[in-house]
Amino acid sequence: MKRYSAFAIAREAASYHEGWEKAWASPEPKARYDVIVVGAGGHGLATAYYLGKNHGVRNVAVIEKGWLGGGNTGRNTTIIRSNYLQDPSAAIFEKARSLYDGLSQDLNYNVMFSPRGCLMLAQSEHEARGWKRTAAANVLQGIDTEYVDAKRVKEIVPIINIDGPRYPVLGALWQKRGGTARHDAVAWGYARACSAMGIDIIQQCEVTAVRQKAGKVTGIETTKGAIDCGKLAIVVAGHSGVLAEMAGFRLPIESVALQALVSEPIKPVIDTVVMANTVHGYMSQSDKGELVIGGGADGFNNYTQRGSFQHVEDTIRALIETFPIISRLKMLRQWGGIVDMTGDRSPILSKTPLGNCFINCGWGTGGFKAIPGSGWAMAELVAKGEPGPLAAEFGLDRFGAGRFVDESVAAGVAH
Ligand SMILES: Cc1cc2nc3c(=O)[nH]c(=O)nc-3n(C[C@H](O)[C@H](O)[C@H](O)COP(=O)(O)OP(=O)(O)OC[C@H]3O[C@@H](n4cnc5c(N)ncnc54)[C@H](O)[C@@H]3O)c2cc1C
């Protein structure tokens, strides 16, 4: 693989940019792989990347039914933060956030990580108490966050109205090193780096069955034929229940569409991420100038990937009170993605009842930020067959044992 660099741009400019290589190969599947990862979202691709990079496991295929990054990874609002309440969550999200710091260099691909800061507003006494508690927990965890008052919020985001009649801003949880990244680029960067290591990414190839013998997976059936494998990693977010059913076990997961929208592009008005969980809406501004606005989840389980007028109206109505200046903006696009929700709003990185089959899911509304840390932990689980410290608390067994990692405050609604 030719490295991307300023020198490469100059070199290719001299030959009319006709010499660029394809970013990744599109091979036909081989008959057998040591590891098959199902799902070429960010988590699946990062799992494959760290399998190759950290564990030297490179006879790997990533199987994707659509196009890589076309699931939630390409549909989210790209918020990155690590200020979670529980220790295991803070550890894996902070691992991810710190990997984002150097990800562009590591992958030799600009993922446009922008640590512009992330504010989570307190608009009720209850929320203020919750964020103060999280800020205190974060101090103990070594996560750099602080609770700031309303005056400081106004300094950070001058367009905000802190005196709203129903929900005045009382303060906020502020993580300076939180921010955003370009979601497609994260998927593309991992895909290119995987391909460079010889890992096969096979798109337009749906897994239709999981073959097994004596309690172990032997391979998968796909729309491109049967493929054998030594180990199987299921990393399909909203379709986790479908794949688990193929493999013969059940998951404590509900799949539901989560929606978002963007406005027409305008000049820069906001240079942080602001999340308003009480009214439920959050906003940042993309490099193109669009306001990226996160909405709600459908109130019923479904597998659709579309937006609906109800959420546009609810979300905008809620946000206008806090950001009156957006009231005359036109909205450009809306969409949805299928998120995979667990009861304790924490992910599952786990062994399964099948000896050589592992699952990574349950990131729900907030898994984009986790991609590097999740891939790191999942690769360790798959390579060694046992979870390392980052994944240890996120096993499926916690639901039977009642050992929940309760993040419903940090992640029940927000991202
Ligand atoms: C509107 C919205 C906003 C969000 N905002 C944020 C945010 O601001 N910050 C944040 O951290 N997170 C956010 N999220 C959540 C985040 O997007 C997800 O948690 C994360 O992208 C999940 O990544 P993934 O790789 O697990 O799944 P996906 O990207 O969905 O990848 C799974 C892949 O599996 C494939 N697949 C499914 N079934 C099969 C099959 N049978 N065979 C082969 N392939 C299959 C799918 O096609 C898909 O490409 C948001 C999500 C949505 C929908």
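Values quoted throughout were computed directly from the atomic coordinates according to the rules given, and no laboratory measurement underlies them. As the structure is a prediction and not an experimental result, all values here were calculated from the model. Counting neighbours? That spans all protein chains shown, and the Cβs are built from the backbone with ideal geometry, glycine included.
Looking at the range 1-108, which GluC sites (Glu not before Pro) are DSSP coil and have at most 12 other C-beta atoms within 10 Å of their C-beta? Within the range 1-108, the qualifying GluC sites (Glu not before Pro) (loop, at most 12 other Cβ atoms within 10 Å) are Glu18, Glu21. For the range 29-87, the Stokes-Einstein estimate of translational diffusion at 20 °C and a viscosity of 1.002 mPa s comes to 164 µm²/s, using the Kirkwood hydrodynamic radius over alpha-carbon pairs.
Projection of the Cα convex hull of the range 90-171, averaged over all directions and equal to a quarter of that hull's surface, yields 6.6 nm². Report, in whole Å, the centroid distance computed from the Cα atoms of the range 112-155 and the range 47-66. Measuring centre to centre over Cα atoms gives 36 Å. Counting every other Cβ atom within 10 Å of each residue's Cβ, Trp335, Trp376 order from fewest to most as Trp335, Trp376. The DSSP beta bridges internal to the chain are antiparallel in roughly 70% of cases.
Rounded to whole numbers, the Karplus 3J(HN,Hα) couplings from phi for the range 397-408 are 5, 5, 6, x, 8, x, 9, 6, 9, 6, 10, 5 Hz, using 6.51 cos²θ - 1.76 cosθ + 1.60 with θ = phi - 60°, and x at Gly and Pro. Angle, helix 42-55 long axis vs. longest principal axis of the chain, Cα atoms, 0 to 90°, nearest 10? Approximately 60 degrees, to the nearest ten. The alpha carbons of the range 176-251 stretch over 50, 30, 20 Å along the principal axes, in descending order. Amide H contacts of Val210 (H built 1.01 Å from N, in plane; Pro and chain starts excluded): Glu221 sit under 5 Å, all sequence-distant by 5 or more or on other chains. Less than 5 angstrom separates the built amide H of Ile201 from those of Val62, all sequence-distant by 5 or more or on a different chain. Our estimate of slack between Asp144 and Asp34, defined as 0.36 nm per intervening residue step minus the Cα-Cα distance, is 35.6 nm. With 29 Å as the limit on Cα-Cα distance, the pairs of Lys30/Lys288; Lys65/Lys267; Lys53/Lys216 that go past it are Lys30/Lys288; Lys65/Lys267. Counting Cα-Cα pairs of the chain in 10 Å increments starting at 0 gives whole-percent bin shares of 5, 23, 32, 25, 13, 3, 0. The share of C-alpha pairs in the range 212-371 whose separation exceeds 29 Å stands at 34 percent.
Residues whose amide H falls under 5 Å from that of Ala233, counting only those 5 or more places apart or on a different chain, are Ile36, Val37, Val38, Phe358, with hydrogens built in the peptide plane. Its alpha carbons considered, the range 288-415 gives a radius of gyration followed by a Dmax of 18.1, 57 Å. Cα-based radius of gyration for the range 255-299, normalised by 2.2 N^0.38 Å, reads 1.24.
Working note: Cα gyration tensor of the range 249-340, eigenvalues times five, square-rooted, sorted largest first, giving semi-axes of 26, 13, 12 Å. Look at Ile92, Ile159 and count the other Cβ atoms within 10 Å of each Cβ; fewest to most, that gives Ile159, Ile92.
Axis angle, to the nearest 10 degrees, between helix 371-384 and the longest C-alpha principal axis of the chain: 30 degrees. Rounded to the nearest 10 degrees, the angle from helix 87-101 to the longest Cα principal axis of the chain is 80 degrees. Two numbers describe the Cα atoms of the range 132-209: Rg and Dmax, which are 21.1, 58 Å.
Note on the range 234-283: Cα-only Rg and Dmax are 17.7, 52 Å. Each residue of the range 16-155 gets 182 Å³ once the volume of the Cα convex hull is shared out per residue.
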